[in-house]
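Take a look at the structure set out below.
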Amino acid sequence: MRIHCKVVVIAVCFGVFLLLYFLGGNAADDPLLKEVVEEEEGNSSPSPPELGRDVAPKFARKSSAGVGVRAEEPYKGRKDWKSINRGANEKAKSKPLSNVARPVTKRTRAEEVMHLAVVACGNRLDETLTMVKSALLFTLKKIKFHIFAEDPLAPQFAERLKQWPRSISAKFQYSVYPITFSVGNADEWKKLFKPCAAQRLFLPVILKDVDSLLYVDTDVLFLRPMDDIWRLLKSFNSTQLAAMAPEHEVPKIGWYSRFARHPFYGVTGVNSGVMLMNLTRIRSTLFRNSMIPSGLSWEDLLHPLYQKYKNHITWGDQDLLNIIFHDNPECLFIFPCQWNYRPDHCMYGSNCKGAEEEGVSILHGNRGVYHDDKQPAFKVVYDAIRDFPFEDNMFQSLFYPIQTKFLDTVNTLCGRIPQVFLKQIEKTMRKVFEQKVVRHVRPHK
């Protein structure tokens with residue numbers, strides 16, 4: 001009996017020893033402990049951030065207010081972009097790691113926020129909200145809206161936006177700003193072309209904490225995710241800092257090529273109703289001009305340029321942008337016409353090949369075509385998006401009404417090519433359907 005007890009005690013002790021040995025070995029292999037040990041021993045070193053061409057900004061952090069902000073400070077003066085990247089990489093190499101282990105996972109990665117700016121004055125409240133609605137219907141990432149509005153409109157925006165359902169509110173943040181001009185006569189700027197339109201020229205000066213943004217006119221509608229045009233920032237080369245579409249595709253019927261009394265970009269000029277901007281680069285660049293031999297910063301250039309050409313420009317701030325990029329063509333990226341599709345692309349015959357092949361990506365209803373019967377094809381799309389109830393079935397309550405009402409426009413100049421208007425929005429809705437429905441019913445592997 002005594003021998004049996006000894007055997008049992010020995011077996012128990014041996015089992016406890018094996019258990020302690022096993023637990024101790026697993027703890028030593030724990031990746032978090034290994035990371036801390038390696039940091040304390042100085043064996044680990046951070047890899048430098050991959051800055052690339054620095055044009056598609058790394059919207060890597062959120063401020064305490066929850067708004068996406070830049071990862072780097074604005075560049076001071078015009079410099080060689082490669083040397084800036086090299087300096088940033090060397091700085092990142094020399095920075096020590098924190099002594100707290102923070103493994104990178106998808107859950108801890110800051111959410112990328114896209115920035116969209118719009119200027120609304122007069123009776124543009126409903127039109128602006130319809131534009132915002134179109135952007136939110138199809139977006140994949142969160143959007144921060146920067147709304148510049150006259151004082152009477154500001155509380156109306158807040159009141160209307162807070163009525164939208166929570167599922168939509170979760171997709172965006174917004175700020176409303178007063179109309180302000182940092183240089184020159186404010187009343188003169190405000191009356192340039194359309195009310196308040198010149199405000200877009202001052203976005204790089206006002207939005208100092210925003211790296212890049214997309215500016216659109218109030219009469220713009222998104223027919224595909226804003227994410228897709230946002231990705232064009234990554235296509236900029238080292239000198240490009242803004243992107244626009246040509247004013248026209250055919251020089252012989254383009255306005256600038258026939259009537260302009262001032263310099264303009266390229267052969268047909270550019271349209272500024274949809275404008276992608278790297279604000280960091282704009283703020284840090286000295287622009288060539290026809291007034292002084294040396295370059296001028298963006299803010300210093302605006303007022304003297306206006307004073308020189310104010311008796312020769314017709315389209316206000318858009319003409320000034322054409323003059324700036326005529327003198328600095330290497331700074332502009334041109335995206336195709338389907339990203340800024342206007343009545344000019346169909347009322348003289350179809351002349352936007354990209355829209356014929358892929359469909360319209362962004363619809364720009366200038367000339368007031370959303371609110372009259374001159375181009376009913378544009379009005380059909382606007383009315384359908386304006387009246388679409390949030391969270392309804394998109395095919396039943398948005399696409400099919402557009403498709404049905406298009407039958408009444410086939411004898412009009414722009415309605416005779418319905419596939420141009422319908423192709424991209426149908427494709428976009430199918431993607432939204434797949435993301436919201438199909439992925440939830442897909443069997444787990």
Please give the FRET efficiency for Ser235 paired with Tyr348, using the beta carbon to beta carbon distance and R0 = 25 Å, rounded to the nearest 0.05.
0.30
If a/c stays under 1.5 just call it rounded; otherwise compare a/b with b/c (prolate if a/b is bigger, oblate if not). Do that for segment 343-441, with a ≥ b ≥ c from the square roots of the Cα gyration tensor eigenvalues.
prolate
Accessible surface ranking that places the most exposed of Ile253, Ile417, Ile402 first, with a 1.4 angstrom probe
Ile253, Ile417, Ile402
Fully extended contour minus Cα-Cα distance, from Leu286 to Ala158, at 0.36 nm per residue
42.3 nm
Ignoring everything but the protein chains, give the 1.4 Å probe accessible area of Asp126 in square angstrom, nearest 10.
80 Å²
Among Lys133/Lys431; Lys310/Lys374; Lys162/Lys427, which pairs are too far apart, with a Cα-Cα distance over 21 Å?
Lys310/Lys374; Lys162/Lys427
Here the gain from full extension of His312 to Asn393, 0.36 nm per residue of separation minus their alpha-carbon distance, amounts to 24.2 nm
Rg (Å, one decimal) plus Dmax (Å, integer) for the alpha carbons of segment 114-335?
17.3, 55
Amide H partners (placed H, <5 Å) of Val270, local residues excluded
Glu247, Tyr265
Under a Cβ-only charge scheme (Lys and Arg +1, Asp and Glu -1), can you give me the dipole magnitude of segment 343-441 about the Cα centre, in debye to the nearest 20?
200 debye
Applying a 10 Å radius around every beta-carbon, put 161-167, 409-415 in order of their mean neighbour count, most first.
409-415, 161-167
Test of understanding: what is the full-extension gain from Phe259 to Asp209, defined as 0.36 nm times their sequence separation minus their Cα-Cα distance?
14.1 nm
With each pseudo-label sitting 7 Å past Cα toward Cβ, what's the Tyr174-Thr412 distance in nm, one decimal?
2.7 nm
For segment 114-335, which whole percent of the accessible surface, found with a 1.4 angstrom probe, sits on carbon and sulfur atoms?
53 percent
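The values are calculated or read from the model by the stated rules, or taken from the named source; none is laboratory data. None of the values given here were measured: they were computed from a predicted structure. Cβ sites come from the backbone with ideal geometry, for glycine too, and all protein chains shown count toward neighbours. Surface accessibility is based on the protein's heavy atoms, side chains included, excluding ligands, DNA and RNA. Shrake-Rupley method; radii C 1.70, N 1.55, O 1.52, S 1.80 Å.
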